[in-house]
Amino acid sequence: MHLNFTNYGATILSLRIPDKYGKIADVVLGYDSINAYKNDTSYFGALIGRVANRIGGAKFILGGKTYKLSANDHGNTLHGGTQGFSDVLWKVKSHKKHSHVTFTYHSFDGEQGFPGKLVVSVTYMFIGKNKLGVKMIAKPVDKATPVNLAQHTYWNLRGHNSGDILSHTVQIFASQITPVDNNLIPTGKLQSVKGTPYDFLEPKEVGSRIHKLPGLYDINYVLDKTPKLHFNKVAIVKDPVSGRKMELWSNQLGVQYYTSGMLNDTKGKDGAVYHKYAGIALETQGFPDSVNHLNFPSQIVNPGEVYKHYMIYRFTAS
């Protein structure tokens with residue numbers, strides 16, 4: 001495995017891994033220049049925060065006070081606002097070649113409208129020969145605040161410039177989703193996936209039922225608890241041509257499954273042009289807009305508490 005990063009947005013730039021014949025390919029969508037990442041609206045490879053996904057009406061109430069946030073998505077807040085953690089410079093706290101890199105960011109009180117100072121770190125680490133670990137830690141300094149970090153890499157296991165992912169098979173270990181309104185804000189309900197195009201409890205091709213949806217998958221799944229494991233099994237993605245397989249585990253309650261339906265002639269690295277369905281994003285997370293739904297598990301973290309978000313990817317080919 002060969003991994004490249006930038007401290008702009010603590011972003012994964014590339015991951016090169018072998019296929020079943022030993023041929024190496026980069027399986028991460030991205031750009032050639034930092035300027036392209038600065039102008040990016042797709043969040044390629046980025047670390048998302050302070051709150052990933054959407055906050056309805058770009059506001060929430062905490063401790064009797066209303067906090068108005070940066071609105072950057074049809075009157076709502078998406079991925080932390082107009083300049084979330086994906087669009088700031090992180091510091092490299094530690095780096096050991098062939099081992100790990102740790103990025104840190106100090107978010108200030110009132111940044112994008114969120115309350116309190118927040119000290120954030122993300123560590124990307126090799127585990128053995130074929131696993132990638134991601135450890136996200138956040139500590140509020142002086143005020144309670146919502147925290148919901150996410151890793152927003154787009155994957156194409158056939159190679160980032162190989163076309164669409166509609167023939168990839170996906171299995172998602174979740175029996176429910178959090179349905180959304182027309183602006184992709186959760187209604188607050190939980191809905192069974194059974195009998196719907198959202199059912200990936202058994203492996204299915206990405207494109208097998210996508211025509212029954214409004215053009216794409218972009219929904220939060222409620223992960224089933226995996227017995228006797230510290231982490232929940234989240235998903236398995238496999239490309240039938242290259243034989244590459246990606247498995248994902250996490251300690252989070254949800255995962256956003258996004259099939260890049262918004263990509264449209266996006267100019268990427270190595271001369272690639274990314275069209276609709278060029279990649280899959282699987283963003284483990286707390287439930288979207290939880291600050292405005294009391295029945296959703298809370299994402300509020302108080303001073304003295306620590307937010308911990310872990311992900312483990314395993315890559316194989318056969």
Could you tell me which of the pairs Lys204/Lys267; Lys23/Lys97; Lys68/Lys117 are separated by over 21 angstrom between their Cα atoms in the structure shown?
-> Lys204/Lys267; Lys23/Lys97
Toy charge model, Lys and Arg Cβ at +1, Asp and Glu Cβ at -1: region 24-172 dipole around Cα centroid in debye, rounded to 20, equals 620
Indicate the gyration tensor shape class of region 97-198 (rounded, prolate or oblate), computed on the Cα atoms with a ≥ b ≥ c the square roots of the eigenvalues: a/c under 1.5 is rounded; otherwise a/b larger than b/c is prolate and the rest oblate.
-> oblate
Per residue, how much accessible area does the chain have with a 1.4 Å probe, in Å²?
-> 43
Near Asp32, within a Cβ-to-Cβ distance under 10 Å, what is the net charge of the other residues, with Lys and Arg +1 and Asp and Glu -1?
-> +1
Sum of side-chain charges, Ser250 neighbourhood, beta-carbon under 15 Å (Lys, Arg +1; Asp, Glu -1) = +3
Too-long pairs where the Cα-Cα distance tops 21 Å, listed order kept, from Lys194/Lys225; Lys129/Lys245; Lys96/Lys238 = Lys96/Lys238
Based on a Kirkwood Rh over C-alpha pairs, give the Stokes-Einstein translational diffusion coefficient of the chain at 4 °C and viscosity 1.567 mPa s in µm²/s.
-> 66
Give, as a single signed number, the net charge of other residues whose beta carbon lies under 15 Å from the beta carbon of Asn183, with Lys and Arg counted +1 and Asp and Glu -1.
-> -2
Using mean Cβ contacts within 10 Å as the protection proxy, how do 103-112, 52-61 order, highest first?
-> 52-61, 103-112
Mind listing the long-range amide H neighbours of Asn232? Cut-off is under 5 Å, sequence gap 5 or more, other chains count too, H placed in the peptide plane at 1.01 Å from N.
-> Ser250, Asn251, Gln252
So who's got an amide H within less than 5 Å of the one on Lys93, skipping anything under 5 residues away but keeping other chains? H placed 1.01 Å off N, in plane.
-> Thr102, Phe103, Thr104
Calculate for the chain the 222 nm mean residue ellipticity that helices alone would give, adding -39,500 (n - 2.57) per DSSP H run of length 4 or more and normalising by residue count, nearest 500 deg cm²/dmol.
-> -500 deg cm²/dmol
Ignoring ligands and nucleic acids, Ile137 exposes an accessible area, probe 1.4 Å, in Å² to the nearest 10, of 30
Filtered hits (aspartates and glutamates, Cα-Cα < 13 Å from Lys59, offset >= 8 within chain) -> Asp73, Asp289
Of all accessible heavy-atom area on the chain, the percent that carbon and sulfur account for (1.4 Å) | 52
Set of aspartates and glutamates with alpha-carbon distance to Lys228 below 19 Å, sequence-local pairs under 8 removed = Glu247
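The values are calculated or read from the model by the stated rules, or taken from the named source; none is laboratory data. Owing to the predicted nature of the structure, the values given are computational and were not obtained by experimental measurement. In this analysis, Cβ positions are derived from the backbone assuming ideal geometry, glycine residues included, and neighbour counts consider all displayed protein chains. Only protein heavy atoms, including side chains, enter the accessible area calculation; ligands, DNA and RNA are left aside. Shrake-Rupley method; radii C 1.70, N 1.55, O 1.52, S 1.80 Å.
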